[in-house]
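The values are calculated or read from the model by the stated rules, or taken from the named source; none is laboratory data. The model shown is predicted, which means the values in this text are computed figures rather than measured ones. Quick reminder, even Gly has a Cβ in these numbers, built from the backbone with ideal geometry, and neighbours come from all protein chains shown.
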Ligand SMILES: [Zn+2]
């Protein structure tokens with residue numbers, strides 16, 4: 001019977017694939033430290049994100065989003081607090097809605113002071129796959145969770161930055177991300 005590493009999903013075909021060559025260890029050699037224990041979450045998250053960037057040519061936010069999604073399906077990580085919304089990682093959400101609109105939301109490193117209480121701000125990037133719309137980057141107080149909140153967020157956006165779809169759009173998007181971060 002083939003088992004898979006409970007951390008990364010790699011098939012464990014023979015003893016050498018298991019941590020320390022121990023058939024009883026449900027983890028692979030790549031996901032464990034020198035005594036066969038699961039690596040810290042941050043280290044594994046970083047390594048898997050880098051792998052996704054290398055393997056599939058993804059930008060870091062997309063690679064982290066994919067890694068988060070993947071790890072949520074792994075027995076070793078599915079309940080880890082680092083995978084929950086509001087975790088220490090800046091990229092909260094990358095979502096496809098009806099394969100047309102994509103957005104990326106990051107918590108901004110600042111709040112806006114209102115008389116009663118400070119309001120969290122988010123940095124939002126949106127894109128459309130059909131090439132009809134520009135890439136938009138903005139700061140907004142609305143936390144996007146669906147298409148309705150996406151519209152609301154864009155409606156209340158401050159400091160909007162639009163990038164038209166051209167061959168250089170990817171580079172400009174990266175630039176906008178740096179500026180807004
Ligand atoms: Zn593994």
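Overview of results
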item: Some residue of the range 4-18 being part of a helix (DSSP H, G or I) and under 16 Å from residue 76 (Cβ atoms); result: yes
item: Matching residues, the range 26-38, being near the ligand (Cβ under 9 Å from one of its atoms) and not in a strand (DSSP E or B); result: 27, 29, 30, 31
item: Neighbours by Cβ (under 6 Å, 6+ apart or cross-chain): first from the range 144-158, in the same structural domain as residue 125 (by TED's automatic domain parsing); second loosely packed, with under 14 Cβ neighbours inside 10 Å and at pLDDT below 70; result: 147/97
item: Residue in the range 77-84 that is in contact with a strand residue (DSSP E or B) (Cβ under 6 Å, 6 or more places away or on another chain) and either modelled with pLDDT under 90 or not assigned by TED's automatic domain parsing to the domain that holds residue 126 (or both) present; result: no
item: Residue match in the range 70-81 (condition: part of a helix (DSSP H, G or I), farther than 29 Å from residue 174 by Cβ and more than 13 Å from the ligand (Cβ to nearest atom)); result: yes
item: Pick from the range 4-25, criterion without any contact (Cβ under 8 Å) to a residue 24 or more places away in the chain and within 11 Å of the ligand (Cβ to nearest atom), ranking: surrounded by the most Cβ atoms within 10 Å (Cβ to Cβ); result: 19
item: The range 42-69, residues that are surrounded by fewer than 17 Cβ atoms within 10 Å (Cβ to Cβ) and within 22 Å of residue 18 (Cβ to Cβ); result: 43, 47, 51
item: Number of the exception - residue 54 against (1) in contact (Cβ under 8 Å) with a residue 24 or more places away in the chain; (2) more than 14 Å from the chain's Cα centre (by Cα); (3) in a helix (DSSP H, G or I); result: (1)
